[in-house]
Amino acid sequence: MTDTVANAKATPDVTQPWAELGLKADEYRSIREILRRRPTSCELAMYSVMWSEHCSYKSSKVHLARFAQLPKTTPRGPLLAGIGEQAGVVDIGNDWAVTFKVESHNHPSYVEPYQGAATGVGGIVRDILAMGARPIASMDSLRFGRLDAPDTARVLPGIVAGVGGYGNCLGLPNIGGEVVFDASYYGNPLVNALSVGVLKHGDLHLAFARGAGNKVILYGATTGGDGIGGASVLASETFDADGPAKRPSVQVGDPFTEKLLIECTLELFAAGVVNGIQDLGAAGISCATSELASAGDGGMHIDLDLVPLRDNTLTPEEILMSESQERMAAVVEPENLDRFFEICAKWDVLATVIGEVTEGDRLVIDWHGETVVDVDPHTVAHEGPVYQRPMARPDWLDALNADTTASLGRPGNGPELEEHFRRVVVSPNQCDKSWVTDQYDRYVRGNSVLSQPEDSGMLRIDEGTGLGIALATDCNARFTLLDPYVGAQLALAEAYRNVAATGAEPVAITDCLNFGSPEDPEVMWQFSQAIDGLIEGCKILGTPVTGGNVSFYNRTGETNIMPTPLVGMLGVIDNVADRVKSRFQNQGDAIVLLGETRNDLDGSAWAEVIHNHIGGNPPKPCLEAEQALAQVLLRASKERLLSSAHDLSDGGLAVALAESAMLSGFGARMKLPEDTFVALFSETPGRVLVSLPESKLSALSQLCGDLPHARLGTVTDDGALTITGQFAIAVSALRREWAATIPVALKTRPRSAR
Amino acid sequence: MRVGVVTFPGSLDDIDAIRAVRLTGGEPVSLWHASDSLEGVDAVILPGGFSYGDYLRCGAIARFSPVMAEVIKQAKAGLPVLGICNGFQVLCEAHLLPGALIRNDRRTFYCKDQLLRVESTSTAWSNKFATEQEISIVIKHGEGNFQADPETVRMLEGTQRVVFRYLGENPNGSVNNIAGIANERGNVVGLMPHPEHNVDPAVSPGLDGVRFFASLTNYLTSLAEEA
């Protein structure tokens, strides 16, 4: 029988499966205190899922609050929406605004790589759509266990096919991201999906339910039994001991329906027939109704019998918790209903009135004519528990920091240096990623100015003026492991530099904070340090945090992942015709290194590839120097001085030089400073490799002013990378090996030369 | 020159085709799948995408839409029609072109700049190329492996109806490296590569797509002169 509110009042002592639903004893106690009775099983379902770490940010809230101290202004003006909305919105000028966000879908992607990754893309796209923006592109940062680990051959192709299968079918170009391998991600890959959307200032929509009598409409896909892992506990334990088999916990995506949902929703916005819209993601109807109601000024009444189901055996608890994809909720005034349904019919989108906004402040949900939920929606959506988790600096960190690269064997002569150069360039983290990115459509919508493997993706926004945006996502978790505060700033600096290298002005960030278990004090310390690093860094760079996502409990067995605070940087470029590519363009161009190289080998790709070593201290970021460098790059791009610009990061000059050559087919003749090894493999931040006609060298030099810059060589057409006095390596052979690393490891066909 | 671009539910490159028509001097006209009017256009493009989610088979549902009944009728009467990627699949399902497009032999979606050789310049969409001209056009598809029975392939080869052939790498396993074919009259062409992505200097890797549209203009002009 259904557990109604009346029943809950009559049977206060029933034992409820709160622990199985992930609630702690004191959390269950506070639910009882809030309701002044025991919750019904439907209410228990709602609270448990809304008070989960994923939905309530209960472990991270106190730390995320510190982001509030950052100014809400970008170099281009005030934010139009910030943290707390479904995605931040940035004014980019000419009445255009951009909204962007990264979200993790790590755990589902391990369980079922294809659907986990696919629905990760789908979810973040609906967040962007709910702001009133047209989604225009995706990026994906993927992290896997070692490339040669057996399960990587299952997880990697599945995740990549899922990202591509969903995104390609939505017609969103995938313009960048990362592919990183490290043993710590073996049983816990990271799938961080970024979506970006564009809108005119007047089209911004924030989600809330207002005005008694307005209708609540559920539209999009029907509700099924997918993605409700937890609720099956309720169903089987509360009602029927032999009950239905446990429901699958991973959602299944249908990108075709989502494509229709996008077009339909944009048309609904344009027609002005919606007051508020929210996507249904984690916690499904529980989340959408409680958030819409608590953000509005009234209550809400929902008749759960009206929800269209694809499986009519679902219990009300399951309907409330279902995470079936491709669904949205809208609040619509009665006089707009006809037009609303007309637009949905045009796009073959199913739409159903399931309730209405009411006077008062209660969220009431009925099932078969009886009330099964009667709560203050604010207590569900916003008054979840808040934890001040214990933090402790790991006791292993001093030993790790003391184990520097100083004692590691360095190449003693030219041939050894060449061997190290080659091995670093073709190693899994530095090799060609086109096996992955060729499975994504990077051209659809016709505005992709730059896409992978460029330093950042770039999109034209305004065909008339050439106004555009650039996006880069970065995190070197090896540095964050050695020092989470510094590592987070290095991620920020790298993303900032990647955007600037293409000629765009960095204006704002979003983040995706992937960490281990928050119940581990060492992880909480890493988390807190990373946030402090980001805040201090953003203060200096003048780039606000527009929003973000936290993913905890990323670990395999007892081993936490390396702390991975991913930074997504948005840049603005006034005219995309000024964009700068990373590869060499002309034989005879001078090659110049901007920025200063120090002896920074700790945590480097060289240490990883050659010595399988991680230890010491990460490079010291100098954000003022990053700003000065960015200013030079922006002016040089506007004045069309540069033929190419490529950020130096993992693998230092060695990798930047090799990529600039391999992607272009040109060679280079380089004369490096005396300690050639350090010059090639140091990973000092704040550096960019540029090439330009000799005739423009003095103009560049003038722009640089105090910024260290040195001519290192010349672009050649002899097909060789020559490090004078050390070695010469054929670009085509290097390229073949660099392109084969992933296909060979996965035993698939390598792509032919472009 | 008014060129209709059909939007099916799930069409994706319709906006790209519309932009390409505009950039190459034509007047694009949006055509909706549920309407049976072609609004008097001079030519029709069936764009890329995943019409009807590619459910059942790529293009299998789209061919039954009201707009396709009219496209089929007018194509048989000589209206120039270009099917790009999913549009090519629709044309095969509609039997305006022979053969079928099956899953890539590599079994993954594949996006790259692909070299092609122009094999026939006697169609409405390829007459401004030089024969055997080598061009680079974007490909991006998961099911572009063109197959037909040997007799049909012999017929296509023998009657100059293979219009484009993959050069260098065969990206999908197509028989005889076939990338695009025409109907007997040469007014209907289907191909997996996306010429609409190769017309815009700001974003395109190359501009070899422009000649597809120049060919159409030339074809329509010659027709008008003959009349």
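Values in this text are rule-based calculations from the coordinates and carry no lab data. Since the model is a prediction, treat every value here as computed from it, not as a measurement. When we count neighbours, we look across all protein chains shown, and the Cβ atoms used for this are built from the backbone with ideal geometry, even at glycine.
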Checklist entry - Which FRET efficiency, nearest 0.05, do B:Arg107 and B:Thr152 yield, Cβ-Cβ r, R0 30 Å? => result 0.75
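222 nm [θ] for chain A, helices only, -39500 (n - 2.57) per DSSP H run of 4+, per residue, to 500?
-10500 deg cm²/dmol
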Item to check | segment B:2-226: C-alpha gyration tensor shape, a/c 1.5 cut-off, then a/b vs b/c | outcome: rounded
Checklist outcome for this item: Taking every DSSP bridge whose two residues both lie in segment B:2-226, the antiparallel percent to the nearest 5 is 60
Checklist entry - When B:Thr108, A:Thr480 are ordered from fewest to most other Cβ atoms inside 10 Å of their Cβ, what list results? => result B:Thr108, A:Thr480
Next on the checklist: I need the shape label for segment B:152-198. Rule: rounded when a/c is under 1.5, else prolate if a/b > b/c, else oblate, with a, b, c from the alpha carbon gyration tensor.
Outcome noted: oblate
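So if we plug the beta-carbon distance of A:Leu206 and A:Arg66 into 1/(1 + (r/R0)^6) with R0 = 25 Å, what FRET efficiency do we get, rounded to 0.05?
The formula returns an efficiency of 0.60 here.
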Next on the checklist: What is the distance in Å between the Cα centroid of segment A:673-700 and that of segment A:525-558?
Outcome noted: 31
Checklist outcome for this item: In the protein assembly as shown, taking the dipole from +1 charges on Lys and Arg beta carbons and -1 charges on Asp and Glu beta carbons about the Cα centre, the listed residue (A:Ser682, A:Ala730, A:Ser30) farthest towards the positive end is A:Ala730
Checklist outcome for this item: Pseudo-spin-label distance B:Glu134 to A:Glu639, built 7 Å along Cα→Cβ, given in nm, is 4.0
Checklist outcome for this item: Sorting B:Ile139, B:Pro171, B:Thr108 by the position of each Cα along the dipole of segment B:91-227 (Lys, Arg +1; Asp, Glu -1; all at Cβ), the one nearest the positive end of that ordering is B:Thr108
Checklist entry - Highest GNM mean-square fluctuation, chain B, Cα pairs closer than 10 Å: which of B:Phe88, B:Phe64, B:Phe50? => result B:Phe64
Item to check | Three-way shape label, the protein assembly as shown, alpha-carbon gyration tensor, a/c 1.5 | outcome: oblate
Next on the checklist: For the protein assembly as shown, give me the percentage of DSSP beta bridges that are antiparallel, rounded to the nearest 5 percent.
Outcome noted: 75
Checklist entry - With labels modelled as points extended 7 Å from the Cα through the Cβ direction, what inter-label distance (nm, one decimal) is found for B:Asn218 paired with B:Phe64? => result 4.0
Checklist entry - When only DSSP loop residues count, what trypsin sites (Lys or Arg not before Pro) in segment A:561-639 have their Cβ near at most 16 other Cβ atoms within 10 Å? => result A:Arg598
Checklist entry - Who wins for biggest fluctuation among B:Ser37, B:Ser51, B:Ser174 in a Gaussian network model of chain B, springs between alpha carbons below 10 Å? => result B:Ser37
Checklist outcome for this item: Dividing the mean separation of Cα pairs under 8 Å (6+ apart) by the residue count of chain A yields a relative contact order in percent of 15
Next on the checklist: Show me, for segment A:25-36, the HN-Hα J-couplings you get by feeding each phi into the Karplus relation (A = 6.51, B = -1.76, C = 1.60, θ = phi - 60°), rounded to Hz, glycine and proline as x.
Outcome noted: 4, 6, 5, 4, 4, 5, 4, 4, 5, 4, 7, 6
Checklist entry - A:Lys61: which aspartates and glutamates have alpha carbons under 12 Å from its alpha carbon, excluding same-chain residues fewer than 8 sequence positions away? => result A:Glu53, A:Glu383
Item to check | In nm, spacing of pseudo-spin labels at A:Arg36 and A:Leu350 (7 Å Cα→C-beta vector) | outcome: 4.0
Checklist entry - In which sequence would A:Ser104, A:Ser52, A:Ser732, A:Ser195 go, from the one with the fewest C-beta neighbours within 10 Å to the one with the most? => result A:Ser732, A:Ser52, A:Ser104, A:Ser195
Checklist entry - Between A:Ala730 and A:Asp26, 0.36 nm times their residue separation minus their Cα-Cα distance comes to what? => result 246.8 nm
Next on the checklist: What aspartates and glutamates does A:Lys9 reach when the alpha-carbon gap must be under 19 Å and sequence neighbours fewer than 8 apart in one chain are set aside?
Outcome noted: A:Glu33, A:Glu43, A:Glu317, A:Asp366, A:Glu370, A:Asp374, A:Asp376
Checklist entry - How about segment A:501-541: which chymotrypsin sites (Phe, Trp or Tyr not before Pro) there lie in a loop by DSSP and see at most 16 other Cβ atoms within 10 Å? => result none
Item to check | Whole-Å distance, taken between Cα centres, linking segment B:1-54 and segment A:29-52 | outcome: 53
Checklist entry - Hey, got the dipole for chain A? About the Cα centre, +1 on K and R Cβ, -1 on D and E Cβ, debye to the nearest 20? => result 1820
Checklist outcome for this item: Net charge (Lys, Arg +1; Asp, Glu -1) of residues whose beta-carbon lies under 15 Å from that of A:Gly202, A:Gly202 excluded, is -1
Checklist entry - Which entries in A:Lys638/A:Lys696; A:Lys747/B:Lys140; A:Lys581/B:Lys140; B:Lys73/B:Lys140 show an alpha-carbon gap greater than 18 Å? => result A:Lys747/B:Lys140; A:Lys581/B:Lys140; B:Lys73/B:Lys140
Checklist outcome for this item: The helix A:113-130 Cα axis meets the longest alpha-carbon principal axis of chain A at an angle in degrees, between 0 and 90 and rounded to 10, of 80
Next on the checklist: Nearest 10 degrees is fine. How inclined is helix A:41-50 to the longest principal axis of chain A, computing both from alpha carbons?
Outcome noted: 20
Item to check | Distance histogram for segment A:592-742 (every C-alpha pair counted, 5 angstrom bins, percent rounded to whole numbers) | outcome: 2, 9, 18, 21, 21, 16, 10, 4, 1
Checklist entry - For chain B, what relative contact order do you get, as a whole percent, if you take Cα pairs closer than 8 Å and at least 6 residues apart? => result 20
